[in-house]
Amino acid sequence: VFSLATAQIMWSYAVRRDLLPDEYFKFILRCGPITSDMLFEVQRRSENGLEALSAAWFNHDCGSIPLKIANTFTHTAKTVVPVYMVVYGAPSIAFHPMRVLRSPVSSVVRVVSNALRSATMLSTLCGSFMAMVFAHRLWLKPAREPRLAYWIIGFFSGLAVMLEPKKRRAELALFAFPRMMDSLFHALLPSRLAGRHRAAFRVGNGSEVGVFAICSAVVLSHYRHEPDCVTGWLNTTLKHLLADTAWDKDMREFNMRQVNQLHVDSNGGETPTTISSPRGSC
């Protein structure tokens with residue numbers, strides 16, 4: 001799922017910049033392998049079916065293909081390491097301050113290692129994207145500036161997500177999938193809706209609040225009735241936000257009643273032994 005999402009996002013980034021929101025595009029541009037002037041030329045040639053750009057053109061600022069790939073990797077890493085330090089460090093400080101105080105060294109090592117691993121994943125994605133662009137130009141030598149090639153290259157570069165642990169891969173897929181669907185939807189809109197009419201189909205003018213409300217309702221409903229469906233950092237966040245509330249107490253009592261019922265069924269209908277909950281007995 002993440003590779004499919006990466007394919008659509010990187011294709012939009014390379015040849016259909018208008019399919020991505022401005023802030024999202026600017027973030028990819030800051031971290032990505034192709035500069036804004038290169039993207040402009042790629043989009044102009046792909047739209048008009050002009051002669052394909054050569055591999056030498058993509059590395060005119062470095063003069064060496066391996067150096068260009070290495071520079072892409074290091075540039076992405078330098079850009080995203082501070083971001084991931086905040087992403088991994090802020091929850092630890094906010095939700096587990098006593099754990100951080102008890103073991104400051106191990107907490108710092110854990111945050112730094114997680115940040116470096118995630119930064120390596122994203123740097124590998126961008127570096128491999130650039131490397132496959134070069135390989136495509138050198139080996140296949142396309143006559144016209146390709147469009148589909150960027151989608152295929154984006155798909156294979158998305159396999160860099162395998163550097164992340166399994167739970168983190170699922171979170172990244174859930175993050176990228178809605179952006180892929182948004183881009184794909186606008187790419188498939190009829191041409192008569194292009195330009196200013198296309199903007200009417202984008203989420204905006206306060207409608208983000210409605211979308212957020214619907215998503216929050218679904219997440220909270222699953223957190224209460226299907227807690228196994230809410231895992232990872234989201235489950236940890238909700239546990240801290242809803243701890244010691246009446247809702248949280250009701251959830252624990254409901255779960256304890258289910259445990260008691262299972263105990264009755266396993267004993268052939270006999271009266272269950274009372275199981276104490278964190279707030280008392282059920």
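Values as computed for the structure displayed
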item: Selection within region 1-24 - of a type in the set (Val, Ile, Thr) and either in contact with a Leu (Cβ under 8 Å, 6 or more places away or on another chain) or crowded, with 18+ Cβ neighbours inside 10 Å (or both); result: THR6, ILE9, VAL15
item: Those residues of region 107-125 which are surrounded by fewer than 19 Cβ atoms within 10 Å (Cβ to Cβ) and under 13 Å from LEU172 (Cβ atoms), in sequence order; result: ARG117
item: Pair list, Cβ < 9 Å and 6+ apart or interchain, from region 176-190 residues that are under 9 Å from GLN8 (Cβ atoms) and at pLDDT below 85 to residues that are open to solvent by less than 70 Å² (accessible area, probe 1.4 Å) and not hydrophobic (A, V, I, L, M, F, W, C); result: ALA187/GLN8; ALA187/SER12; ALA187/ARG16
item: Candidate set from region 25-63 (those that are open to solvent by 40 Å² or more (accessible area, probe 1.4 Å) and among the polar types (S, T, N, Q)); member that is farthest from ILE153 (Cα to Cα); result: ASN48
item: Answer residue from region 143-160, given it is surrounded by fewer than 20 Cβ atoms within 10 Å (Cβ to Cβ) and among the aliphatic types (A, V, I, L, M) and is farthest from PHE177 (Cα to Cα) among those; result: ALA143
item: VAL161 vs. criteria among the β-branched types (Val, Ile, Thr), within 25 Å of ILE65 (Cα to Cα) and under 13 Å from the mean Cα position of the chain (by Cα); result: yes
item: Elements of type helices (runs of 4 or more DSSP H) in region 1-105, at least 3 residues being modelled with pLDDT of 85 or more; result: 2-15, 22-31, 36-48, 65-95, 97-102
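Yes/no matrix, rows are residues, columns are (1) in contact with a strand residue (DSSP E or B) (Cβ under 7 Å, 6 or more places away or on another chain); (2) within 30 Å of LYS166 (Cα to Cα):
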| position | (1), (2) |
| --- | --- |
| LEU4 | no, yes |
| PHE27 | no, yes |
| PRO33 | no, yes |
| GLY49 | yes, no |
| HIS60 | no, no |
| PHE73 | no, yes |
| THR76 | no, yes |
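The values are calculated or read from the model by the stated rules, or taken from the named source; none is laboratory data. These numbers come from a predicted model, not from an experiment. Don't worry about glycine lacking a Cβ; one is built from the backbone with ideal geometry, like all the others, and counts go over all protein chains shown. Heads up: the accessible areas ignore ligands, DNA and RNA and are worked out on the full protein's heavy atoms, side chains in. Shrake-Rupley method; radii C 1.70, N 1.55, O 1.52, S 1.80 Å.
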